[in-house]
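**Student:** What follows is a structure written as C-alpha cells; I'll ask about it next.
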Amino acid sequence: MLRRFCQLFTIGVSLAISTAVLPAQAQYARFTRRSDTIHISGNTQLGGAATYEARVYLEATGGLIFNEWRDGEEDKLLGVTGSGFNAYSWRIAGYYDIDSAINIPLNQWHHIAYVYDGTEERLYFNGVLTTSRAANGSIRNHTDSNCAIGAILRGGVADSFIGLLDTVRVSDVARYSGNSFVPPTGDLTADANTQLLYNFNEPLGSTSVTDLSPRGNNGTFAVGFTGATSPQIVASESVVSIGGLIALQGTQNTIQPVDFTFRPITGSAFTRTATLNFAGGYTIESVPYGQYTVSIKGAKWLRKNITVNASTGNVTNANATLLAGDANNDNFADISDLLLLIAHYNKVSPTSDYSDAADFNCDGADDIADLLLLIANYNKQGNS
C-alpha cells in the first residue's frame with residue numbers, strides 16, 4: 001500500500017484543548033506494552049459513512065487503538081501520533097492520515113472520534129472539532145483482513161498505544177456533526193449501525209472481550225503475531241493505594257519518614273514520602289495504575305528497589321528491609337559514615353554533640369550498637 005503509515009500530516013490549525021472526559025464504567029482494558037493486542041475475530045463492513053471512537057487514558061504518545069488492515073485492500077485506523085491522534089479510511093481521501101492537529105494531555109481521560117459522512121472527514125477531541133477535510137466514495141472492506149485493538153501485524157508489527165481503554169466503537173453511520181457535541185459518558189450502546197463495540201466490562205483477569213454489536217466479533221487477547229502480549233482488564237479506579245511493611249534494620253523507633261520513588265515502565269518517575277507507623281507500616285494513596293520499580297530510601301538507610309504491580313488494583317504487600325549505616329545519606333555505608341560516627345561517639349541526645357544521622361538504631365545515643373550496625377554493612381551500596 002502506497003499510504004505512509006501514521007505520518008504526522010497535519011491538517012488545519014493547531015489547537016490547545018485540555019478538557020478531560022470522565023469515564024463511568026466498572027472495568028477498563030489496560031495496555032502497558034507496545035505488543036499488547038486484542039485480536040478481533042471478524043471484520044467490519046462500512047460504506048459511505050463511518051465513525052471510529054474511543055474513550056482513552058493515554059500514558060504515552062504513539063501507537064494504534066483500532067486497525068483493520070489488508071495490504072492494498074483495506075485500512076481502517078484510529079491511533080495516537082507523537083502529539084495527538086489520527087485516523088484513516090482506505091481510500092476516500094488519498095493516501096495520508098487525517099491528523100488531529102492538537103496536543104493531547106497525558107494521564108487524563110479523553111473522548112476521540114473520527115467521522116466520515118460521504119463528503120467530509122472530521123476529527124473530534126472531547127466533543128470539539130479539531131480538523132476536517134473533503135472526502136468522497138465508499139470505504140473499502142475485505143472479509144479476510146487483520147483486525148485488532150492495540151498492536152497489529154501489518155507487514156511488520158505496528159505498536160499499540162499505552163494506557164487505558166474505556167470503550168471503543170466502530171459504526172457505519174456518521175454519529176457526530178457540526179463544530180461540537182457533548183461527548184458520551186458511561187457504556188456506549190449498540191444499535192443497527194454498530195459494527196464493533198467493546199465496553200470492557202469483563203471480569204478481572206479475562207483473556208477475551210465480548211463484541212456488543214450485532215456482528216458479534218469477539219476479541220481474544222495476545223493473539224495475531226509472534227510475540228503478542230496481553231492487555232489486562234482492570235478495576236475502574238484510575239488510581240490505587242500502595243502499602244506494606246518497611247523494616248528499618250536495627251532501629252528501636254520505626255516512626256521515620258521514608259521516600260518512595262515510583263519508576264513506571266513508561267512515563268516519568270515521581271516521589272512520595274510516607275512516615276512509617278509503630279510497626280513499620282505505610283500506605284501511599286492516589287498512585288496511578290501501573291507496574292513500577294519502587295526505590296525506597298530512608299535518611300540513615302541504604303536504598304532498596306522492589307517491583308510493584310499496581311495494574312489491577314490496590315497493593316498491600318509492597319514490603320522491604322532497609323540496611324542501616326548511611327549517616328551522610330549518600331547511599332553508601334563507608335568511611336565517611338564511620339568518621340561521622342566517630343566524631344560523635346558516645347554522645348547522647350539532647351546534647352549538641354549528638355548526631356541523629358549517626359544514631360542508626362534511633363535510641364538517642366551514638367554508641368557501640370550503631371558502630372556494630374555500620375560494621376555489618378560496611379562498604380555496601382544501596383540499589384541505584
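Read the figures in this text as sums done on the coordinates, not as results from a lab. As the structure is a prediction and not an experimental result, all values here were calculated from the model. Cβ coordinates were reconstructed from backbone atoms using ideal geometry, including for glycine residues, and neighbour counts include every protein chain displayed.
**Student:** For Lys304, give me every one of the lysines with a C-alpha distance below 16 angstrom, ignoring sequence neighbours fewer than eight places off in its own chain.
**Tutor:** Partners within reach: Lys380.
**Student:** Which far-off residues, 5 or more places away or on another chain, put their amide H under 5 Å from the one on Ser213, with H placed in the peptide plane?
**Tutor:** Result for Ser213 returns Leu197.
**Student:** Given H placed 1.01 Å from N in the peptide plane, which residues other than close sequence neighbours of Asn305 have an amide H under 5 Å from its amide H?
**Tutor:** Ile296, Asn383
**Student:** Would any residue of segment 59-84 have its amide N under 19 Å from a label point 7 Å out along Cα→Cβ of Asn103? List them or say none.
**Tutor:** 59-63, 80-84
**Student:** About its Cα centre, how strong a charge dipole does segment 17-163 have in debye, to the nearest 20, once Lys and Arg get +1 and Asp and Glu get -1 at the Cβ?
**Tutor:** Dipole about the Cα centre, nearest 20: 240 debye.
**Student:** Only Cα pairs under 8 Å and at least 6 apart count here; give the relative contact order of the chain as a rounded whole percent.
**Tutor:** 16 percent.
**Student:** Sticking with this one: Over all distinct alpha-carbon pairs, what is the Kirkwood Rh of the chain in angstrom?
**Tutor:** Numbers: mean 1/r = 0.0428 Å⁻¹.
Here the Kirkwood hydrodynamic radius works out to 23.4 Å.
**Student:** Using the Cα gyration tensor of segment 122-207, with a ≥ b ≥ c the square roots of its eigenvalues, what is the shape: rounded (a/c below 1.5), prolate (a/b larger than b/c) or oblate (neither)? Before the final figure, lay out each step's value.
**Tutor:** On the way: a/c = 1.57, a/b = 1.17, b/c = 1.35.
Oblate is the answer for segment 122-207, as a/c is 1.5 or above yet b/c matches or exceeds a/b.
**Student:** Hey, another quick one. So how strong a dipole does segment 105-215 carry about its Cα centre when Lys and Arg Cβ are +1 and Asp and Glu Cβ are -1, to the nearest 20 debye?
**Tutor:** With only Lys, Arg, Asp and Glu charged at Cβ, the dipole is about 220 debye.
**Student:** If the elastic network links every pair of Cα atoms under 10 Å, which of Asp117, Asp166, Asp334 fluctuates the most in the Gaussian network model of the chain?
**Tutor:** Highest fluctuation among the options: Asp334.
**Student:** Given the options Ser132, Ser268, Ser35, state which has the largest fluctuation in a GNM of the chain using a 10 Å cut-off (strictly under) for Cα springs.
**Tutor:** Evaluated over the chain, the most mobile residue of the options is Ser268.
**Student:** Another question, then. If a paramagnetic tag sat 7 Å from the Cα of Asn253 along the Cα-Cβ line, which residues of segment 353-384 would have the backbone N under 14 Å from that point?
**Tutor:** So the set is 354-367.
**Student:** Sort Phe181, Phe270 so the one with the fewest other Cβ atoms within 10 Å of its own Cβ comes first.
**Tutor:** Ranking Phe181, Phe270 by Cβ neighbours within 10 Å, fewest first, gives Phe270, Phe181.
**Student:** I need Thr210, Thr81 ordered by Cβ neighbour count within 10 Å, fewest first.
**Tutor:** Ascending Cβ contact count within 10 Å gives the list Thr210, Thr81.
**Student:** Using a 10 angstrom cutoff on alpha carbons, build the Gaussian network for the chain and name the most mobile of Val168, Val182, Val80.
**Tutor:** Comparing Val168, Val182, Val80 in the GNM, the peak value goes to Val182.
**Student:** Which residues' amide hydrogens lie under 5 Å from the amide hydrogen of Ile152, considering only partners 5 or more residues apart or on another chain, with H built in the peptide plane?
**Tutor:** Ala158
**Student:** Can you list the aspartates and glutamates whose alpha carbon sits under 13 Å from that of Lys297, skipping same-chain ones fewer than 8 residues off?
**Tutor:** Counting by Cα, and skipping residues close in sequence, Lys297 has these aspartates and glutamates nearby: Asp259, Asp326, Asp330.
**Student:** Go through Ile265, Ser241, Val128 and say which Cα lies farthest out towards the positive end of the charge dipole of the chain; charges sit on Cβ, +1 for Lys and Arg, -1 for Asp and Glu.
**Tutor:** Value computed over the given set: Val128.
**Student:** For segment 154-159, take each phi angle, set θ = phi - 60°, evaluate the Karplus expression 6.51 cos²θ - 1.76 cosθ + 1.60, and give the result in whole Hz per residue in order, putting x for glycine and proline.
**Tutor:** Calculated HN-Hα couplings, in order: 9, x, x, 7, 8, 5 Hz.
**Student:** In addition: Dipole size in debye (nearest 20) for the chain around its Cα centre, Lys and Arg Cβ +1, Asp and Glu Cβ -1?
**Tutor:** 820
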